[in-house]
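Notes to accompany the following structure.
FYI, it's all coordinate maths here, none of it is from the lab. This structure is a prediction, so every number in the text was calculated from the model and none was measured. With ideal geometry, Cβ positions are generated from the backbone for all residues, glycine too; neighbour counts draw on all protein chains shown.
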Amino acid sequence: MIICKRFRSNLSKTRIILVIIIAVLIYNEYIAYSLKKWFSWPTIHCSTSSKCIKILLVADPQILGEQYEVYFPRGLISRWDSDRYIYKVFQKAVSHVDPHVVVFLGDIMDEGSVATDDEFKRYIERFHNVFHVNHRAKFVFLPGDNDIGGETEPLSIRKMKMFQETFKQPDVMHLGHIDMFKVSRIAYTVPKREKNISHLQGNRTRIIFTHMPLLFVPSTFVQQVVTQIRPHAIFSAHDHKSRHISADAETGERILAEMLPPNAGPVWQYQLNTGLVHELMVPTCSYRMGVSNMGFGAAVIDGTTDTMLYAVLWLPSRFWQLYMYIITLSMICMFIILILCQHVWFRIRHKLRRGANNTKHTV
């Protein structure tokens with residue numbers, strides 16, 4: 001009878017442990033992402049105007065490499081978890097924004113600039129697996145310094161050619177009323193005005209995509225870009241943080257620089273015909289980049305009203321989720337240890353009682 005009671009008690013405790021584990025798993029891997037999408041992500045959509053383009057901006061995913069994350073099994077687990085996290089949040093972002101254009105603002109790999117040819121190919125394959133989506137959107141790809149060098153490592157012409165051969169795209173693309181220009185502050189390249197002068201005239205919106213920010217650090221190169229393209233808006237990455245910079249549309253001289261933290265939103269509206277150019281720096285979408293706030297950029301550009309709506313889709317903290325796993329496992333381990341101690345104590349007490357009873361009978 002006592003054994004049956006103990007068995008039922010242990011079974012009940014085991015069920016409690018299983019329920020806790022399943023609840024934490026479901027929350028961390030499913031509910032947390034849905035809650036963020038439902039309650040934190042603003043809805044920015046096109047009006048009735050046909051001249052409206054929705055853009056999803058992906059900055060610094062930096063797919064983890066094999067050289068810096070080398071120790072087994074830590075490296076394998078880190079790469080798997082990081083890829084899986086980015087895949088989940090990207091799928092949620094695409095379904096939420098339903099974009100016409102998805103722009104990758106560079107640093108798609110963490111170790112592209114130092115990778116061997118085989119490693120480079122594996123990183124590209126993982127990148128396509130992580131950002132795989134069946135969607136009608138147009139995709140734009142820019143290289144970052146972690147892809148081709150240019151900051152801590154020298155610019156690699158060979159890696160730049162490998163990137164261009166992988167993502168075969170022109171530096172100027174057009175969609176609806178928008179002209180999209182790919183500018184590289186790493187290689188100091190600007191699409192030639194002579195080839196696109198017809199697109200610099202008329203009622204069109206000119207957007208620059210660049211990995212390294214332009215207006216935040218003015219230079220003669222930035223002035224050349226602003227003068228040559230005369231952009232209405234610029235989207236950049238690299239710093240892993242969310243910022244807004246506005247400058248004179250003629251000279252590129254900076255007028256305003258401000259942070260766009262998570263509690264400052266949710267949606268910003270900018271007029272594109274006021275003589276100012278606006279640069280939006282998009283935060284990283286990877287939790288491994290040393291910042292506490294990650295997100296995707298989302299923009300809606302309306303050619304009828306010459307306005308741009310911009311929001312950051314802030315992401316759930318993966319580190320907090322991992323901390324929850326650690327705390328849960330620690331509590332379960334302590335719970336199991338207490339159960340084992342209790343079991344050992346019952347056995348010792350039972351033996352002591354039997355010994356005491358035997359002594360009485362002997363006397």
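For the range 238-288 and the range 29-54, what is the centre-to-centre distance using only Cα atoms, to the nearest Å?
Each part reduced to its Cα centre gives a spacing of 20 Å.
Run the paramagnetic zone check for D98: 7 angstrom along Cα to Cβ, then residues of the range 32-58 with backbone nitrogen under 19 Å.
37-57
Given bins 10 angstrom wide, list per bin the percent of all Cα-Cα distances in the range 44-198, short to long.
Once binned at 10 Å, the Cα pair distances of the range 44-198 give 10, 36, 34, 17, 4, 0.
To the nearest whole percent, what portion of all C-alpha pairs in the range 76-132 is separated by more than 13 angstrom? If you can, show how the numbers build up before the last one.
On the way: 1061 of 1596 pairs.
Looking at the range 76-132, the distances longer than 13 Å represent 66 percent of pairs.
Taking the Cβ of each residue in T210, T307 as the centre, tally the other Cβ atoms inside 10 Å and list the residues starting with the fewest.
Ranking T210, T307 by Cβ neighbours within 10 Å, fewest first, gives T307, T210.
Using DSSP to call loops (not H, G, I, E or B), can you name the GluC sites (Glu not before Pro) in the range 218-309 whose Cβ has at most 16 other Cβ atoms within 10 angstrom? Provide the component values of the computation, followed by the final result.
Details: sites: E250, E253, E258, E279; in loops: E250, E253.
Of the GluC sites (Glu not before Pro), the ones in loops of the range 218-309 whose Cβ has at most 16 other Cβ atoms within 10 Å are E250, E253.
Taking +1 at the Cβ of each Lys and Arg and -1 at the Cβ of each Asp and Glu, which of A93, G75, W41 sits farthest along the dipole of the range 25-104 towards its positive end, judged by Cα position relative to the Cα centre?
The listed residue farthest towards the positive side: W41.
Just from the alpha-carbon atoms, what are the Rg and Dmax of the chain in angstroms?
27.7, 114
When only alpha-carbon atoms are used, what values of Rg and Dmax, in angstrom, describe the range 200-285?
Looking at the range 200-285, its Cα Rg and Dmax stand at 12.5, 39 Å.
Using DSSP H assignments, which helices in the chain have an axial alpha-carbon span of 30 Å or above and a mean Kyte-Doolittle hydropathy of 0.5 or higher?
Working: long enough: 2-26 (36 Å, 1.43); 74-97 (34 Å, -0.47); 318-362 (66 Å, 0.31).
Those that clear 30 Å and a mean of 0.5 are 2-26.
Please list the equivalent ellipsoid semi-axes of the range 37-124, computed as the square roots of five times the alpha-carbon gyration tensor eigenvalues, in descending order and whole angstrom. Write out the running numbers ahead of the final one.
Working: eigenvalues 215, 51, 12 Å².
Whole-Å semi-axes of the equivalent ellipsoid: 33, 16, 8.
Calculate, in nm to one decimal, what F139 and K192 gain on full extension: separation in residues at 0.36 nm each, minus their alpha carbon distance.
Numbers: separation 53, 0.36 × 53 = 19.08 nm, distance 2.18 nm.
Result for the pair: 16.9 nm of gain on full extension.
At 222 nm, what value in deg cm²/dmol follows for the chain if DSSP H runs of at least 4 each add -39500 (n - 2.57) and the sum is divided by all its residues, to the nearest 500?
Helix-only estimate at 222 nm: -13000 deg cm²/dmol.
Mind checking the full-extension length gain between D117 and T307? Use 0.36 nm per residue of separation minus the Cα-Cα distance, one decimal, nm.
On the way: separation 190, 0.36 × 190 = 68.40 nm, distance 4.38 nm.
Length difference between fully extended and current span is 64.0 nm.
Give the order of V102, V344, V225, V291 when sorted by the count of other beta carbons within 10 angstrom, beginning with the fewest. Present the calculation step by step, with values, prior to reporting the outcome.
Values: V102 23, V344 10, V225 26, V291 16.
By the 10 Å Cβ count, ascending, the order reads V344, V291, V102, V225.
Can you give the charge dipole size of the chain about its Cα centre, rounded to the nearest 20 debye, using +1 on the beta carbon of Lys and Arg and -1 on the beta carbon of Asp and Glu? Don't skip to the answer; put the middle values down first.
On the way: 42 positive and 30 negative charges, 587 e Å.
I would put it at about 2820 debye.
Find the relative contact order for the chain and round it to a whole percent, using C-alpha pairs within less than 8 Å whose residues are 6+ positions apart. Numbers along the way, then the final one.
On the way: 627 pairs, mean separation 66.6, N = 363.
Worked out over the chain, it gives 18 percent.
Order by neighbour count: M109, M308, fewest other Cβ atoms within 10 Å first, most last. Mind dumping the intermediate values first?
Numbers: M109 28, M308 23.
Final ranking by Cβ density, sparse to dense: M308, M109.
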